[in-house]
Structure formats: C-alpha cells, structure tokens
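Below you'll find the structure, written out as structure tokens, and then a few comments.
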Amino acid sequence: MTPVIAVMVWCDPGLRSRRCMRDLTAGIEEEGVPYHLESGTGGSVELAYAAAQASGLGVGVGVDADGNVCVHHAKLPSDMPAVTGPASAARIIGHNAARLVVGVPLKQPDL
Amino acid sequence: MTPVIAVMVWCDPGLRSRRCMRDLTAGIEEEGVPYHLESGTGGSVELAYAAAQASGLGVGVGVDADGNVCVHHAKLPSDMPAVTGPASAARIIGHNAARLVVGVPLKQPDL
Amino acid sequence: MGVDIGNSTTEACVADVGESGQMAYLSAALGRTSGVKGTVDNVTGVADVVGRALSAAGRDLSEVSAVLVNEATPVISGLAMETITETVITESTMIGHNPETPGGVGLGVGTTVAFTDLPGCPSGCDVICVAGVGADFEDVAAGINGAVARGVRVVGAIVHADDANLIVNRLRTPVPVVDEVTLVDRVPLSMPAAVEVAEPGRTIRTLSNSYGIATVFGLDPEQTRMIAPVARSLVGNRSAVVIRTPTGDITGRRIPAGALTLIGEQAKRQVDVDAGADEIMATLRRVRPLTDAAGESGTHVGGMLARVRDTMADLTAMPYDAVRIQDVLAVDTFVPQRVTGGLAGEFALENAVALAAMVRTSKGPMELLAERLHERLGSDVLIGGVEADMALLGALTTPGTAKPVAILDLGGGSTDAAMAMEDADVHSVHLAGAGDLVTNLIDSELGLESREAAEEIKKFPLAKAESFFHIRLEDGTARFFDDPLPADAFARVVVLADGGMRPIRTRHSVERIRQVRRSAKQRVFVVNALRALEQVAPGGDIRRIGFVVVLGGSALDFEIPDMIAEAVAGFGIVCGTGNVRGTEGPRNAVATGLVAGYAAALGTSVEGR
Amino acid sequence: MGVDIGNSTTEACVADVGESGQMAYLSAALGRTSGVKGTVDNVTGVADVVGRALSAAGRDLSEVSAVLVNEATPVISGLAMETITETVITESTMIGHNPETPGGVGLGVGTTVAFTDLPGCPSGCDVICVAGVGADFEDVAAGINGAVARGVRVVGAIVHADDANLIVNRLRTPVPVVDEVTLVDRVPLSMPAAVEVAEPGRTIRTLSNSYGIATVFGLDPEQTRMIAPVARSLVGNRSAVVIRTPTGDITGRRIPAGALTLIGEQAKRQVDVDAGADEIMATLRRVRPLTDAAGESGTHVGGMLARVRDTMADLTAMPYDAVRIQDVLAVDTFVPQRVTGGLAGEFALENAVALAAMVRTSKGPMELLAERLHERLGSDVLIGGVEADMALLGALTTPGTAKPVAILDLGGGSTDAAMAMEDADVHSVHLAGAGDLVTNLIDSELGLESREAAEEIKKFPLAKAESFFHIRLEDGTARFFDDPLPADAFARVVVLADGGMRPIRTRHSVERIRQVRRSAKQRVFVVNALRALEQVAPGGDIRRIGFVVVLGGSALDFEIPDMIAEAVAGFGIVCGTGNVRGTEGPRNAVATGLVAGYAAALGTSVEGR
Ligand SMILES: Nc1ncnc2c1ncn2[C@@H]1O[C@H](COP(=O)(O)OP(=O)(O)O)[C@@H](O)[C@H]1O
Ligand SMILES: Nc1ncnc2c1ncn2[C@@H]1O[C@H](COP(=O)(O)OP(=O)(O)O)[C@@H](O)[C@H]1O
Ligand SMILES: [Mg+2]
Ligand SMILES: [Mg+2]
C-alpha cells in the first residue's frame, strides 16, 4: 500500500459545524496542497496523530465533535501535536497544516 | 509505537560476507547518522522497502543472501528503490543511505 | 594588577612583579563596565572584576601592591540614521505587494468592476473583478463563472482575502488573481487595469517593463514616461496589479536631507548628506583632522547631529556647546518602509544614511575615580600610561609580533588604532563606528525592530529549521535533534546563539540575512580598519606597517577578523587576531600592557641604580 | 518580406505593403543562422525561416514581391581567458582541503608520526598520527588507543580514507581528525604539526589566524611573516592541517600576463593585463575609438590575442594580418584551479581576466549572398539599409517609444547600440562581449566544464531537490511532484530548463550559483549597456536619451533587462524590453524595420509623384 500523497483530515462524525470543515480545507487548498477527508471517532489529537501516520506527506489533521482542531506530524511524539486550536481558528490552522508540508513558516493569526 | 530514529538495515541471515555489512555500516556511521541492524529474509529491494517503512527517518537498507545491497525510501514506490549495488559497493552505498537522511548529494564512486 | 576600563568592558590582569622587573602573569578577568567610562560610576565594575581576577589567581586583595588604571579619556559615540528617499503612490496606480499565494498564471487586462456590480456588466466587456471585504470565495467564483457564461470576459481579479487559489480552482477558465489586498476598497473602479501573476519561482515580465505597460494600455511616449517608475517598482514581484488612473503616479522622491559641515583644523567644507556615504567620507578626508561637525539647522542632518550632541552632553554632563565631534563615519544603508498610498501594505526599500559621530571629552574625573578606587580597594591606585601605548605593549605579547606594529581595537562604539615604529612615538586615532553600528544596521535593514535579535544575528551563524528534527546550517551542513523543535521555529531562519536556537521573525531567507550581516560588517569594520591604519601608518602608507594585531570585543567575531585580513592582504603585511600573552585571545591587551609597562619601568630603574 | 541575418539567429517578417506604402504585418519567424553571418552559408537558414514565416501567414513564395536583407557587415567576436595568479605550495606546509566529514572538534598540536611507527613512540610525546593508504579504521583507532594507554599523547590525526568519524567514534578520547587526504604519503614526518576541526557550521579560528599559527608553533615575527599566506588560504575552512617544515612555503604569485597595447585613432597606450579589468577598460576609454589591439608576444595576453585573431581569420577567410580588433571588453573573473603541491587535491580560486574582442570585417560577400538567395527563392532580393537604422525603425514600433531613442541589441557575441535623435544622424556601436561571454564566465567560475550546463544556468531559474517529491525554487517556494525524482537529482541543485529539470554536478549551493550567474550578467551586460549608451548618446550624455529599447536574444533573459533598467534608472530615462509591433517582444526589430523602411520609401515616392 502506498500512502496517499495528501494531508489526511480525520473528522469526528459528531461535529455539527460545517463551517469549521470548510474553513479548514479552504486553508489547505489555498496553499496548494492536496487533502483527503475521512471520518473517525476520538479526540482531536488522537485523530490527528493517526491521520498523520496514514498521510503520505506525514501531516494529519484531527477535528473532534466539538470542533477542536489539531495538526500532527507523523514523526512527532503522539502527545506533542504541532498545532491546536478552536473551530474559529480553523482557516488559519488549515493554512498551517499545509505549510508543514510546503516547508514555509507558519502563518500568524492577524492581531 | 514511535518509529526508531535510525536508518534501518535489514539483512538476510544467509549472507556470509561479514565484510559487506561492515562496509555498509561504516559508510552510514562516517556520515554521522544512526543505524539499526535487524535480520529478515527476502530480496534486497523487498527488505529495503520494509526497512524504510520501519525507519523513523524513512530510509531503509536491504541486503540479500548474495550481498546485493539496496537503499529504499519510505515514500518511494516499492519497486523504485533509491540506490542498488553489489557487495563491493557497500561502503559507498552506506554513505548514500545516510546522505538521503542528511539531505546532501549522493557520493559518486571514484572513477 | 592592571585594570582597563573600556566603554563596554572592564578587564583586569594580575601578575607577580619582582624587584628588578621580572614578571609572572597569574590571571585575568573581565566584566561589564559600570557607568560611563572614566567616571566614578566605574568603581563597582572594577571592584567586581578585580575580585574575580584575584580569586582566579588564588590571591587576596591585601597582597596587591598596586592597581594600575589606564588613563581613560572617555570616547563616546552616537548614532543617527535618516532616510533620503521616499516612495509615494498618488491615487492608486499599482498594487506592488507580493502575496504568498496568488492564483492563476498570466496577464489579464480589462476594466475594474466591483464584484457586486458584475451582474450589471454588459457582455463583451473585458473585466477585472474587484472582490471586497467579506466576499466568499465560492460566491466570487460562482459570480465570475456566471458573468463569463453571459459573455462578460472576466480576465483577472483583485481580492481582499487570502483566497486567490480557492477562487481560481473553482473557475471554469482560470485567470490571474492577486489576493490579500488590504485596502481593496480603495481600488478605483471603472478604470483600465492589468493583473499579472507569474509561475511559481518566476517573476512578472510585462508589468515590470515600461513598454509592457505601454503595450497593455496603449500609452503614448509621454504617458509611458509617467508610468516608468511603476514598472521599476514592480521588478522582482511574482504578482502585480497596475491600474491606469488619469492622474495617478508613483514617485521615488529624494528627501532633502540637508548639508553637513565638516570643520577641520585647516579647512571647512560642506557636503549634502543625500550625496551618500562615499561623498561624505571623501569630504572628511579633505578636511582631516576634524575639530567639529555641524548640520544645517531645520534639516534632517541638523536633527541627527543635535540628537548626537544631546546624548553626549547628557552622558558626560558637558555643556551642549562644548561637545566637539572629532570623527564621523557615514554608511549607506536602506530601510524597509511602508509606501505612502499603497493599497496592500507595500514596503519599499528606501535609501538612508547612517552617521556615527565620536566625541572626545576632557579627562576631568580620572583622579576622582582613582581616589574612590583606592578607598574601595585599599591598595595604591596608579593612573598608568596612555591607553594606546598600553594597548600596544599588551598586543606585543602576542606570539609572532614585532615592531613596526599597529593595533586595531574593534570595540562597541569606536574603532581605535595605534602604531609603534621601531623607536618613534606612538600615533593613535579613535574613529566613530564599531560593533554597535553593525548591530543597528542589521536591525534596521532587516526591519527587525529588535536590537537583541540584531545583536544575535551579528554574533552567531544562521540556520534554517527544515523539519521538526533537523536544521540546515548556513554552510549547508545538517544537524539533527532527538527532541522536536517548537512549531514556531518550523521553516524559519534561526540563530544558533550560545543560549540555544532562536527563531527570527522575518520572511527573509538565510542568504539574505547573511548578506546583510556581512555587508554591515564590511561597511563598518573594513572601512574603519583601512581608515584607521592609513591614519596611524607612517606617512599614511599602510605598507610600512609590519604587523597588524586585531583586538577588542568585535575581534571575537566569527568573520570580522577574516574580512579585515582579506582587506589588508594586498599590502603585504601580517594581520591576524591578537593572542595576548599567548593565552588571552584579543582580550586583556591594555590591562596586560599596564602591568608590563610598570614592570619595565621598575627594571629600568633597577638597571639605572 | 524582411530578413535579418544575425550572428546566431535569422529572423523574418512578412507584410502586405500597398502601392502608397500602407502596410499590414502578417507574420514572423525565426531560426538559427546557418554559417557565419554575411556569407553564402546563410542561404539554407534564410530559406527555412522564410518558408516558415510564409506558411504562418498562409502565403506562398510566389506571392513575395521583394525579400529585403539587412546590410550585414559580419561582426565577429572572440573570447580568451587567462589566470593571473597561481597558488603554489612548496614542500607540504598545509592541507587546505575541506573534507565533507572530518571528525572530532578542536585543535591538536604535536609531531607527525606514521601510524605504523606509533608503537615505537616514547611516552610523553605529543603526536599527530598519519594513517596512510589502506589503514583500517578499527586498526587505527586501536593503535591510537594503545599508544594513549602507554602515555603517548596522540592529539590529532591525518588519514587517507574517508574514515574520520569512524576513527573518532572508536577513540577513548576524541581528537580532531582530517580525512580524505589523497596524497597522505607525502605528508612530512617528524615535523611539528597542528590539526584543527571546527564544529559543524563553524569555521576554524586558530590556523586561519597568523598569530594563531605563531602561538601554536612559537614562531618569531620573521617566521610568522612567512606563514601568513598559509593562514590566509585556510580562512573559511571547517578543518585544516598545518605542518611546520623548515623551508615550506605557500605563495600566491602573480603570473606576468603581459601588456596589452590599445591603438586608437589618436593615441596608443599599453596596460598590464594583471592590473585587472577596470584598468584595462579605463585605458580603452582614453584611446577610443579603437583601431586595433596587440598583445606583447611571448606573454599570456599575446597568446590570447593571437587565438582571437586566428579564429577570426579562420571564420572570415581574411588574412591573419588584416584582422583589426575594434573593441575589447575585459572582465575580472576567477577560476577554480588545483593548487600545485597540494596534498589533498586542494583547489584555489585564482584570479583571471577574460577578454572579448570584436572584429568588423569588410562587407565583401553580401552581394554574392543576395545573388544566391535570389537563385534559391526566386523573388527579388534587395540589400536594405544599414542594420542599425533598420533596428531603430523596428524598435520604434514598440508601444510607448519615441525619439530620442536608443536601442540596445543584446546578442550572443556582441552588444550593439544605436541612437536616433529627432532628426540627426543615427550613431551606432558594436561592442565586444554579450551572451556567450556570460555563458563562459558561468562555466569557468563554477568549474562546470560544460557549456551546455552553463547556458542552461544562464537562462533558467535554479531549484534544489529537497526530497524525492519536492524541489525548492530559488525564491523559496516549493513545488511538488507525484512521481519521484531520480536519485541523482537528490539534494542537488537543478536547473528548471524548458526540457525539464536538470541536475548540476557541483557542490556549489543554489545561492552561490545564483550569485555567479547574476554577477556574470552584471559584469558583461550592465557594463556594456552603459558603455554603449555613453558612446551613442549625443555628447556622451546618457541623460539626453529619452527612451531605451532593449532587444535581441539576451533581452529574453529573465533578469538581464531588469538589471539594465536598474542601472540606468538614475539617468531619468525610460528603459524597458522592446515589444516590436506590440507583439514580437524583443525579437524581429531589424526584419520589421526593413519592411517599414521599404514601405516608407514607397510612401515618400508616391507622395512625390
Ligand atoms: N563573540 C562576539 N562576537 C562578535 N562580537 C562580539 C562578541 N563579543 C562582543 N562583541 C561585540 O564587541 C563590542 C564590544 O567590544 P568591547 O571591546 O567589549 O568594547 P569597548 O572597547 O567599548 O569596551 C560589542 O559591539 C559586542 O557586540
Ligand atoms: N530565453 C533566453 N534567455 C536568455 N538568453 C537567451 C534566451 N534565448 C536566447 N538567449 C541568448 O541570446 C544570445 C543570442 O542572441 P541573438 O540575438 O539570437 O544573437 P545574434 O544577435 O548574435 O543573432 C545567446 O547568448 C543566447 O544564450
Ligand atoms: Mg493567497
Ligand atoms: Mg570523512
């Protein structure tokens, strides 16, 4: 099995905010990086870590039922995610998940 | 399970040349990259691909019973190894396995 | 015990000196100078360094027979910087910013239409769509697709959000889109405009070429002349927008910075600051030795010199009018500055001139300082020889040196030099500009707004964090880590400071930062080293110097001594970093010289007996 | 139909011209020039381009009423390059190479002892172990550990194989080890030596400092002076060895390159080639206009000019003595060259001067060429106006241009310029040095030994293959691939050529290659653009030019036009890449001018009727 060359986005089916997923994937897409959506149950960090392992790019995003978003990298220890944030930050987190792949500095939230 | 942060070297137990393994690991060591020896049966490409999957650095080396050496990278298709060569080239192949990790151009054999 | 009170650093050297001058060095120590050099504030710092030097030698204060202090006339320097160009956009003729993720590729030329007005556009028009704050990318893409279906030729777009690729990915026919245009609401509508986006890794070719713009808008030669500065300012961008407004213009104007008057012992000359550093330094050479400098009042340079004088007067408690500027170093520099009238927070690199000025004050409070030191330490305090003589004596303890020798003392505020021929007098100079100016140039040229970051960039090599587990050093080698780097270091340039790895908040590349760093060192230290050697060399002829010993805090730098050695290599002299007493490196020269001078004097008097 | 036969490229332009001169352009085409410009060999190339231009216009050869050919006096240029410095190591005082993986960190000072003699070493000695060809790392490490156990202080090692880390990892006390020393057998034994290895990302500090070496070996000033060039040549290395041999020395000697004699219409001057490019060009300015140049026979420059003359005579079938050099461009350059006497294949960057020379031949064979073209094509062939006039006519079809206008035609062999004032005569110049010289400089400065690679580096942006699936472009953006890159591209610098990604076989970094590329363009095209404009401008005053139109093959470059625009920006003129007829970019100016000139003449004669 060759791993999928995409950022894996694993989302808990309990999530109700469509907005959150749309923002998240918009951020990834704007950076020009492919992503792949799947659903899975669990905490955001747990989902993100598993997604990162499944990603050919080594980057995964997990979204839990409450809209908490987490970005993980396959080589990081499972309890040390790269980025975490609330649903309201989903757009910028999407950018940053992609930037881990592209290798450019993470975007800072506008202050 | 966190993958081992080392180049995985998987060698067929049928290999008789001690020289080959010594050269190979010397090449990796001189470049300053950690490696981890295990045994496994199979062709060199097959062993290398599996070793690469198991390596936290994404780089694996396979050595078959005849001393054929293969370097593979976790993200390459299984049938497209990065480097292959005979036992006599083991030293330089070791350098190059390490260089895939370090990110410097591969060493050319002295002509 | 010799003690050297420098502007930044106080150094001590402990030695056993026999009755007839035979001598054994025991230890050395250094610490920050407390207060302004040559004032009683120095006592705390001296006491601290003396204590540490003694305990390193395993001796007690009571055993010290004499504390030798250098005759330190405080040499104080000031810095000022002034931009001499300014970029102004009147009306909005261009959007010159470089968003990280523009969309599409190519050139589109049409009339600007607000996204909301797109439905009213007659078919057959060539249109650039302008999508303002809050426009959703799906709506924008759908709107454009709809207009195109109706026969409106939408050939490009300018949008507020970071949405360019999102929009382009949803268009049936992709067009170039420039995004993140902060002040999109000020884009003039119903005007002819062109949007250009180059492929990744390339730069635009049409809008950065005057005749490209002329072709696009059908300009006549006179109009082309007007638009030429716009083309120039877009050179090197990956994307750009140019809008043809009736009166719009972009000007790079020179700010009249005023004239600097340099008053020498014989002559007096004026030079315009905006003529640049070379011109200023050439004028200075013609009036040397300098006795004072003045700036045209009411101009930028007037303000610059007033600030320098103010600081000096403050620091030394001299009356403002008694402050005499005795050297000036002008350096060409540039400052990233927000373009007036820009629509997307454009920055332009404006030219600027930095001036370092040097004031030599009277040596008033030295006796007082000696007295206070005596009270504090108990032992005799002697004010030793001239600082330059002592530094030379100390420098000559470096293996492989001999007269004729010159020292270059690269400090924080000043670059000092002195020269000793076989038996002639010592000549010395104090020049404005040293380590602090380098730090300032790095800070302002990179737009860091942090002196601490600039100081670290000056002192330590750079690297880039290429993954969570490895960095690549500026020489290309990689270094690996077992523990992951923090996410805020990811893909950033970091400084490998003593205290660990420090990410730098900037979009500049490793190479860019390295180049600014090296060029700042070049412009200050190489220029000053050559100026200084020329002034102390016999007959101004650097070739007659046999050995140059580089000393001082900035001689510890990892590249400055190499640059200086390179610059003087052509003169056939030996130049290297000092190694005082074969052990101290470029530190402790004056303190060592004080002790050596004392011992030599004892020896002579013994011989004379 | 206008046809422009250039040195490299033949271009054609097809137009319908009415009786009274009204004109409609139909198409254009271009191809490689066959043979030397202005000779009958050109026929094949012209026929091919004419055919393609016609089929693009949907017309037939029989419809062509006239083929207009430019009056092409062949302008041929030659190139030569000569090093003017040489680094020679006599006996082996140093090992200045930079192995990729040295071992250990620090400085070790001791006497050189062959590894095999280690067992015989008395305890208490400070020793540098020298391990020759075939020594196994485990044996070496065991031998050193054994000696250390016996009390021999082994403080460093010099080894033949790429084994430094393997040895250091097996030592009980790590010491600095320099490896890959190819000629290790020539390292002198029983000599005091020092081995220094810096931390990764750092450079050595002691052996690159004259006083550092003096400290290490206890040298006196005279000896220090002798060793100073060694220190200098080690600056910037991560590791180094210095061995103190009684007579050993390293010298950077200047090769007497000989004098160049520049013969002008009025004056004649000599200049030493090793004085460098600036001096040569300054001398040239004083004798201009040049009528010939000669090189001192028996010297390097004599050989250079003889080679140029030879090529010229060959190409043009002119007698050797009739070849007159009418312009010279000297460029400072450097060449990586193997150091004579080095022990590890050391390279030094030697200074060199490149000379491009330009010969204008008589316009002999043009009529013959016209005749042969007529035979081949059937239609009338007219030899049109002067090339410069035609180019100006064509350039003025660029939107936004007007007189006073100057063109800069950046070709392969020469940089040509011409200037037309409101109604004055056209002035034109042909200068030596253009695209081919840039290619040569890139080739030799990077030591590529491949003109094809150099040509690609010149034309296309660089990137680095950072993994099997992505590259990073020189501006920092990343590009991803679905299919893995070949292993021989891994971590290498690649050129993004039209034909795909091409790895470059070199250890140079992206930044280094970029810098060489840009500097070569600067030294050739910016220098020549300014020289050319100065020579064609009225009264030599560039400010009096209103518009500059950049043309020719090298105007297609992705950065040369920007560099030229930047360089002339200060003169208040509009400068940009031409866009002939608003469609052709910087191509087709002469061909277009031929047609326009023909039509204008028709128009005038119609009016005159
Ligand atoms: N390791 C270092 N590398 C580069 N510069 C240094 C280093 N240590 C100190 N400096 C610089 O030296 C300067 C102070 O020099 P110093 O000789 O102590 O000053 P002063 O002569 O004024 O007492 C400061 O600009 C500081 O940044
Ligand atoms: N796309 C390009 N980018 C940069 N240089 C180019 C490009 N195409 C051609 N050149 C350069 O242009 C030169 C030839 O120019 P050209 O005008 O065709 O020559 P000539 O005037 O001698 O006929 C060569 O040096 C070639 O490398
Ligand atoms: Mg964007
Ligand atoms: Mg090695």
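Entry remark, the stretch D:473-518: residues being under 27 Å from residue D:444 (Cβ atoms), within 13 Å of chain C (Cβ to nearest Cβ) and not acidic (Asp, Glu) number 19 in total.
Would you pick out the residues in the stretch B:30-44 that are under 15 Å from residue B:100 (Cβ atoms) and not in a loop (DSSP other than H, G, I, E, B)? Outline the logic, then answer.
Narrowing the stretch B:30-44 to residues under 15 Å from residue B:100 (Cβ atoms): B:30-35.
Within the stretch B:30-44, B:30, B:35 meet the criteria.
Within the stretch C:141-162, how many residues turn out to be among the charged types (D, E, K, R) and free of Cβ contacts under 8 Å to residues at least 60 places away in the same chain?
Here is the first cut: in the stretch C:141-162, the residues among the charged types (D, E, K, R) are C:150, C:153, C:162.
Subsequent filtering for residues that are free of Cβ contacts under 8 Å to residues at least 60 places away in the same chain retains C:150, C:153.
The qualifying residues number 2.
Out of the residues in the stretch C:172-185 that are more than 10 Å from ligand 3 (Cβ to nearest atom) and touching a helix residue (DSSP H, G or I) at 6+ places or on another chain (Cβ under 6 Å), state the one that is least open to solvent (accessible area, probe 1.4 Å). Working first, answer last.
Kept after step one, since they are more than 10 Å from ligand 3 (Cβ to nearest atom), are these residues of the stretch C:172-185: C:172-176, C:181-185.
Of the ones still in play, those that are also touching a helix residue (DSSP H, G or I) at 6+ places or on another chain (Cβ under 6 Å) are C:172, C:174.
Numbers: C:172: 182, C:174: 86 Å².
My answer is C:174.
Would it be correct to say that residue C:323 is aliphatic (A, V, I, L, M), open to solvent by less than 10 Å² (accessible area, probe 1.4 Å) and within 21 Å of the chain's Cα centre (by Cα)?
Criteria not met by residue C:323.
Scanning the stretch D:265-294 for residues that are of a type in the set (A, V, I, L, M) and crowded, with 18+ Cβ neighbours inside 10 Å yields D:271, D:273, D:277, D:280, D:284, D:287, D:290, D:293, D:294. With respect to the stated conditions, residue D:112 is assigned by TED's automatic domain parsing to the domain that holds residue D:183, hydroxyl-bearing (Ser, Thr, Tyr) and open to solvent by less than 20 Å² (accessible area, probe 1.4 Å).
Return yes when residue C:581 is open to solvent by 10 Å² or more (accessible area, probe 1.4 Å), in contact (Cβ under 8 Å) with a residue 40 or more places away in the chain and in contact with a Ser or Thr (Cβ under 7 Å, 6 or more places away or on another chain) and no when it is not. For residue C:581, the condition - open to solvent by 10 Å² or more (accessible area, probe 1.4 Å), in contact (Cβ under 8 Å) with a residue 40 or more places away in the chain and in contact with a Ser or Thr (Cβ under 7 Å, 6 or more places away or on another chain) - is met.
Can you tell me how many residues in the stretch A:62-101 are among the basic types (Lys, Arg) and surrounded by fewer than 20 Cβ atoms within 10 Å (Cβ to Cβ)?
First, pick out the residues of the stretch A:62-101 that are among the basic types (Lys, Arg): A:75, A:91, A:99.
Those still in the list that are surrounded by fewer than 20 Cβ atoms within 10 Å (Cβ to Cβ) too: A:75.
So the answer is 1.
If the condition is being more than 16 Å from ligand 3 (Cβ to nearest atom) and open to solvent by 10 Å² or more (accessible area, probe 1.4 Å), then the stretch C:133-153 contributes C:134, C:139, C:142, C:143, C:145, C:146, C:148, C:149, C:150, C:151, C:153. With respect to the conditions (1) open to solvent by 80 Å² or more (accessible area, probe 1.4 Å); (2) in a helix (DSSP H, G or I), residue D:297 lacks only one, and its number is (2).
When C:82, C:91, C:63 are checked against the criterion of being open to solvent by 20 Å² or more (accessible area, probe 1.4 Å) and within 30 Å of residue C:315 (Cβ to Cβ), C:82 stands alone in meeting it.
Can you work out which of the residues in the stretch C:532-552 that are open to solvent by 30 Å² or more (accessible area, probe 1.4 Å) and in contact (Cβ under 8 Å) with a residue 40 or more places away in the chain is nearest to the chain's Cα centre (by Cα)?
Applying the first criterion (open to solvent by 30 Å² or more (accessible area, probe 1.4 Å)) to the stretch C:532-552 yields C:534-535, C:539-541, C:543-544.
The next check asks that each one be in contact (Cβ under 8 Å) with a residue 40 or more places away in the chain; those that pass are C:535, C:544.
Values: C:535: 25, C:544: 32 Å.
Selected residue: C:535.
The residues of the stretch D:315-340 that are charged (D, E, K, R) and without any contact (Cβ under 8 Å) to a residue 40 or more places away in the chain, listed by number, are D:321, D:324, D:338.
Here is a yes/no grid of residues against (1) more than 16 Å from ligand 3 (Cβ to nearest atom); (2) touching a Leu at 6+ places or on another chain (Cβ under 9 Å); (3) of a type outside the set (A, V, I, L, M); (4) farther than 21 Å from residue D:126 by Cβ:
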| site | (1), (2), (3), (4) |
| --- | --- |
| D:161 | yes, no, no, yes |
| D:191 | yes, no, no, no |
| D:196 | yes, yes, yes, no |
| D:207 | yes, yes, no, no |
| D:215 | yes, no, yes, no |
| D:227 | yes, yes, no, no |
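What are the residues in the stretch C:436-472 that are touching a strand residue (DSSP E or B) at 6+ places or on another chain (Cβ under 7 Å) and within 12 Å of chain D (Cβ to nearest Cβ), if any? Those that are touching a strand residue (DSSP E or B) at 6+ places or on another chain (Cβ under 7 Å) and within 12 Å of chain D (Cβ to nearest Cβ): C:460, C:461, C:462, C:463, C:464, C:466, C:470, C:471, C:472.
The residues listed here are B:61, B:71; of these, the one that is outside any helix (DSSP H, G or I), within 10 Å of chain D (Cβ to nearest Cβ) and modelled with pLDDT of 95 or more is B:71.
Is it the case that some residue within the stretch C:197-212 is of a type in the set (S, T, N, Q), open to solvent by 30 Å² or more (accessible area, probe 1.4 Å), within 16 Å of ligand 2 (Cβ to nearest atom) and at pLDDT below 95? The answer is yes, given that some residue of the stretch C:197-212 is of a type in the set (S, T, N, Q), open to solvent by 30 Å² or more (accessible area, probe 1.4 Å), within 16 Å of ligand 2 (Cβ to nearest atom) and at pLDDT below 95. Only a single criterion out of (1) within 16 Å of ligand 1 (Cβ to nearest atom); (2) modelled with pLDDT under 95; (3) open to solvent by 20 Å² or more (accessible area, probe 1.4 Å); (4) more than 9 Å from chain D (Cβ to nearest Cβ) is not satisfied by residue C:562, namely (4).
Residues that are in contact (Cβ under 8 Å) with a residue 24 or more places away in the chain, within 11 Å of another protein chain (Cβ to nearest Cβ) and closer than 14 Å to residue A:43 by Cα do occur in the stretch A:81-89, at least one of them. Within the stretch C:30-56, residues that are in the same structural domain as residue C:314 (by TED's automatic domain parsing) have Cβ atoms under 7 Å from residues that are at pLDDT 95 or above and assigned to a helix (DSSP H, G or I) in no pair, counting only partners at least 6 apart in sequence or on another chain. Can you pull out the residues in the stretch C:219-244 that are in contact (Cβ under 8 Å) with a residue 60 or more places away in the chain, farther than 22 Å from residue C:164 by Cβ and either facing chain D (nearest Cβ under 10 Å) or of a type in the set (S, T, N, Q) (or both)? The one that is in contact (Cβ under 8 Å) with a residue 60 or more places away in the chain, farther than 22 Å from residue C:164 by Cβ and either facing chain D (nearest Cβ under 10 Å) or of a type in the set (S, T, N, Q) (or both): C:227.
I'd like the full set of residues that are of a type in the set (Phe, Trp, Tyr) and either away from chain C (no Cβ under 13 Å) or surrounded by fewer than 19 Cβ atoms within 10 Å (Cβ to Cβ) (or both), limited to the stretch A:1-48.
So in the stretch A:1-48, the residues of a type in the set (Phe, Trp, Tyr) come out as A:10, A:35.
Matches in the stretch A:1-48: A:10 only.
Quick grid of which residues meet (1) more than 22 Å from residue D:228 (Cβ to Cβ); (2) assigned by TED's automatic domain parsing to the domain that holds residue D:188; (3) open to solvent by less than 50 Å² (accessible area, probe 1.4 Å); (4) within 16 Å of ligand 2 (Cβ to nearest atom):
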residue: D:96; (1), (2), (3), (4): no, yes, yes, no
residue: D:99; (1), (2), (3), (4): yes, yes, yes, no
residue: D:118; (1), (2), (3), (4): yes, yes, yes, no
residue: D:123; (1), (2), (3), (4): yes, yes, no, no
residue: D:130; (1), (2), (3), (4): yes, yes, yes, no
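What are the residues in the stretch C:375-395 that are part of a helix (DSSP H, G or I) and not aliphatic (A, V, I, L, M), if any? Once the filter is applied, which keeps residues that are part of a helix (DSSP H, G or I) and not aliphatic (A, V, I, L, M), the stretch C:375-395 yields C:375, C:376, C:387, C:389, C:394. Exactly one residue out of D:64, D:46, D:69, D:14 is away from ligand 1 (no atom under 16 Å from the Cβ) and closer than 21 Å to residue D:579 by Cα: that is D:14.
The values are calculated or read from the model by the stated rules, or taken from the named source; none is laboratory data. Here the structure is a predicted model, which is why all the values come from computation and not from measurement. With ideal geometry, Cβ positions are generated from the backbone for all residues, glycine too; neighbour counts draw on all protein chains shown. Protein only, heavy atoms only, side chains kept; ligands, DNA and RNA dropped before computing areas. Shrake-Rupley method; radii C 1.70, N 1.55, O 1.52, S 1.80 Å.
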